[in-house]
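Here the structure is laid out as structure tokens; the discussion comes afterwards.
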Amino acid sequence: MKKYKIIIAIVALSGILSSCGDDYLKLYPFTDVVAGAPATRDIIEQNITGCYQILYFDCFASGLWMPVNGFYDGLADDIYTGGEHAGDQPHFQRAATYTSSPSLDPPSGWWSIFYAGLKRCNGALNTIENAVDVSPTQLAQMKAEVLTLRAYYVHWLWKGYGNIPYFENIWTEEPFTAPQYKFEDIYQELLADLDEAINTADFPMTTTESNRGRVTKAMAMMTRARIVLYYKDQSRYAEVLNDMKTIINNGAYKLVTTAGANNFTGLQGSNDGANSPATTNPFEWIFLRDGEFSSESIFEVNHKSDPAKQWGNAWTGVANYNPRFTAPREAASDKTFQTGWGFCPVRPDAYAIFDADDYRRDATVSNWGTGNGSGYQNTGLWLRKYAARWGYNVGTRGDRDLGFENNKRIYRVAEAYLNAAELELVAGGGQGAAQPFLDAIRDRAFGDTGHRIPATLNNIKLERRKEFFGEGLRFWDLLRWGSDENDRPIATVLSTNNEYQTRTWNDSRKFLPIPQNEIERVAGTDNELQQNPGY
């Protein structure tokens, strides 16, 4: 799959954008202009490129595995943490057992990278405000782009850490501090950015082929939907439902129902798919190299295998670490898959939710048995969507373990369908209006119309679980619903006591702890930080 020019621009800038270190809130990239100084289009584009680069950092966030499409699945009810032993990746193990600490192995990766993203977006907006010789149409589109990215980055901080510092100013000198906002106030800031972006007439709904990987109005609409649904803001449900219908009816975004002719599944020693095994599973094809930027994709992070990330510098590279992390410690014998670190084994009861003839089951989970290497919590069931495949980390400069090219699918049109089904049911035209959206997902999942079920809320909940299994949505869905598809309360769903894991859900674990070093850094200033309750 061709990787597009937005990536090329970022690679070219990697030398000046990669050295954030611990001082991630300082003036990076170095192409930032002095507040109020004139900015040419080149300077604006360089600053916007710096904003996009943050998209590559979450799978190895400041040296910690915290991908937005996987980390919180460990806190939900579909996967265990796994790894070599119970102390492997302690920040992940602690978060998944609800024992995180502000000072002992805190899950602080998002705090580092997404505040860097906020800082860079503010800098880019400053250049847009002071542009010279750039058309109003171009400026409006670029501003909408950056506002969307800013809201996207901040919404992960908001969901992850709750009451967070927020700022929109351009910091030019120390102290680099900001006031701590309440959870509900950050919600308003997020919507302000997204509303302005979505209401921008020149912000396109889709991208051209040469601009794959750039944010669009549809991506902004999907971000707004996640935020509004998570906050349970019923006053905005009708608007978000209209957004989902706009995306579905746009024509550019469609559910993939047939595996593409090109489907390089991965084979040791192969060259660009020559003699590689094919798949007839349309759902698996979405997550293959040749399924990137398919009609299913509203937004995905456009990874390249080269340059890879580096163990000694988490702030560089454009590759994906997730495939090595989630692959079993001994790969299957068909030479399609590589070995990995054995994290994120699938829970047997979660695997059992799939029907045998559901395309999504075998495309989502590999049932290889416990013989595929020793490891912690080895259930013999492994996430397949992003598993490490042969041929997906070739030509890598840097560390090949961190060098896979698998794109992260952030928003698929399937989510718009299931959002629409849920919203029609609870705030729209009722079950009759919701039914076609659920039917479309079920028809694709089974390849026929014979598996349709009533569009009840619990059926929609279960369908979301199956459709987005291993894509990072389950935990947030459980929190906003307060129960699962079987009407079990969240405390029952998330508390575990079996041979693999023992943990007890506590509502204070809705948020991660604010890193203690950040609290200490601003102690005695006008912007002291208060720790989240329960830590």
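The values are calculated or read from the model by the stated rules, or taken from the named source; none is laboratory data. Computed from a prediction, not measured in an experiment: that's the story for all the values here. Positions of Cβ are generated from backbone atoms using ideal geometry, with glycine treated the same way; all protein chains shown enter the neighbour counts. Accessible surface areas use protein heavy atoms only, side chains included; no ligands, DNA or RNA. Shrake-Rupley method; radii C 1.70, N 1.55, O 1.52, S 1.80 Å.
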| task | List every residue pair whose Cβ atoms lie under 6 Å apart, where the two residues are 6 or more positions apart in sequence or sit on different chains, the first residue falls within the stretch 134-158 and is of a type in the set (Phe, Trp, Tyr), and the second residue, located anywhere, is part of a helix (DSSP H, G or I). | result | Tyr152/Thr223; Tyr153/Phe114; Tyr153/Gly117; Tyr153/Leu118; Trp156/Trp110; Trp156/Phe114; Trp158/Ile186
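Let's see how each residue does on (1) part of a loop (DSSP other than H, G, I, E, B); (2) in contact with a helix residue (DSSP H, G or I) (Cβ under 9 Å, 6 or more places away or on another chain); (3) over 29 Å from Ile353 (Cα atoms):
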| residue | (1), (2), (3) |
| --- | --- |
| Tyr52 | no, yes, yes |
| Cys59 | no, yes, no |
| Met66 | yes, yes, no |
| Gly74 | no, yes, no |
| Asp77 | yes, yes, no |
| His85 | yes, no, no |
| Asp88 | yes, no, no |
| Phe92 | no, yes, no |
| request: Select from the stretch 400-422 the residues that are under 16 Å from the mean Cα position of the chain (by Cα) and open to solvent by 10 Å² or more (accessible area, probe 1.4 Å) and write down the one among them that is farthest from Leu241 (Cα to Cα). | output: Glu405
| Any chance Ala261 is within 26 Å of Val365 (Cβ to Cβ) and in contact (Cβ under 8 Å) with a residue 24 or more places away in the chain | no
| query | Would the stretch 120-129 turn up any residue that is out of contact with any Gly (no Cβ under 9 Å at 6 or more places or on another chain) and among the aliphatic types (A, V, I, L, M)? | reply | yes
| query | Name the helices (runs of 4 or more DSSP H) wholly within the stretch 459-534 that hold at least 1 residues that are in contact with a Phe, Trp or Tyr (Cβ under 9 Å, 6 or more places away or on another chain) and more than 25 Å from Leu383 (Cβ to Cβ)? | reply | 490-494, 516-521
| field | Extreme residue, nearest to Gly50 (Cα to Cα), among residues of the stretch 130-158 that are polar (S, T, N, Q) and out of contact with any Gly (no Cβ under 7 Å at 6 or more places or on another chain) | value | Thr148
| task | Give the residue, chosen from Val365, Val394, that is β-branched (Val, Ile, Thr), open to solvent by less than 10 Å² (accessible area, probe 1.4 Å), farther than 30 Å from Ser108 by Cβ and touching a residue at least 60 places away in the same chain (Cβ under 8 Å). | result | Val365
| request: Assess whether Arg150 counts as being touching a Leu at 6+ places or on another chain (Cβ under 9 Å), of a type in the set (Lys, Arg) and either at pLDDT below 95 or under 27 Å from Trp341 (Cβ atoms) (or both). | output: no
| remark: Considering residues that are more than 17 Å from Tyr535 (Cα to Cα) and crowded, with 19+ Cβ neighbours inside 10 Å, the number found within the stretch 91-140 is 20
| Across the stretch 40-55, what is the number of residues that are open to solvent by 10 Å² or more (accessible area, probe 1.4 Å) and over 12 Å from Gly213 (Cβ atoms)? | 6
| Test: Asp358 is more than 20 Å from the chain's Cα centre (by Cα), open to solvent by 10 Å² or more (accessible area, probe 1.4 Å), at pLDDT 95 or above and more than 25 Å from Asn302 (Cβ to Cβ) | no
| Hey, among the residues in the stretch 501-517 that are in contact with a helix residue (DSSP H, G or I) (Cβ under 7 Å, 6 or more places away or on another chain) and more than 15 Å from Trp156 (Cα to Cα), which one's most open to solvent (accessible area, probe 1.4 Å)? | Trp505
| Just for the stretch 471-488: of the residues that are open to solvent by 10 Å² or more (accessible area, probe 1.4 Å) and not charged (D, E, K, R), which one is nearest to Phe71 (Cα to Cα)? | Leu473
| query | Picking from Asn163, Asn126, Asn130, which residue would you name as being farther than 23 Å from Ile410 by Cα, within 23 Å of the chain's Cα centre (by Cα) and not acidic (Asp, Glu)? | reply | Asn163
| said: Give me the residue from the stretch 232-246 that is open to solvent by 50 Å² or more (accessible area, probe 1.4 Å) and hydroxyl-bearing (Ser, Thr, Tyr) and, out of that set, nearest to Gly482 (Cα to Cα). | reply: Ser235
| said: Among the numbered criteria (1) polar (S, T, N, Q); (2) open to solvent by 50 Å² or more (accessible area, probe 1.4 Å); (3) within 20 Å of Ala440 (Cα to Cα), which one does Gln268 miss? | reply: (3)
| Given Phe299, Phe264, Phe293, which one is modelled with pLDDT of 95 or more and in a loop (DSSP other than H, G, I, E, B)? | Phe293
| Of the residues Asp243, Asp195, Asp233, which is charged (D, E, K, R), closer than 27 Å to Pro533 by Cα and modelled with pLDDT of 95 or more? | Asp233
| message | If I go through the stretch 198-228 residue by residue, how many of them are on the phi < 0 side of the Ramachandran plot and either open to solvent by 10 Å² or more (accessible area, probe 1.4 Å) or at pLDDT below 95 (or both)? | response | 18
| query | What tally of residues in the stretch 325-335 results from selecting those that are buried (at least 24 other Cβ atoms within 10 Å of the Cβ) and of a type outside the set (Ser, Thr, Tyr)? | reply | 3
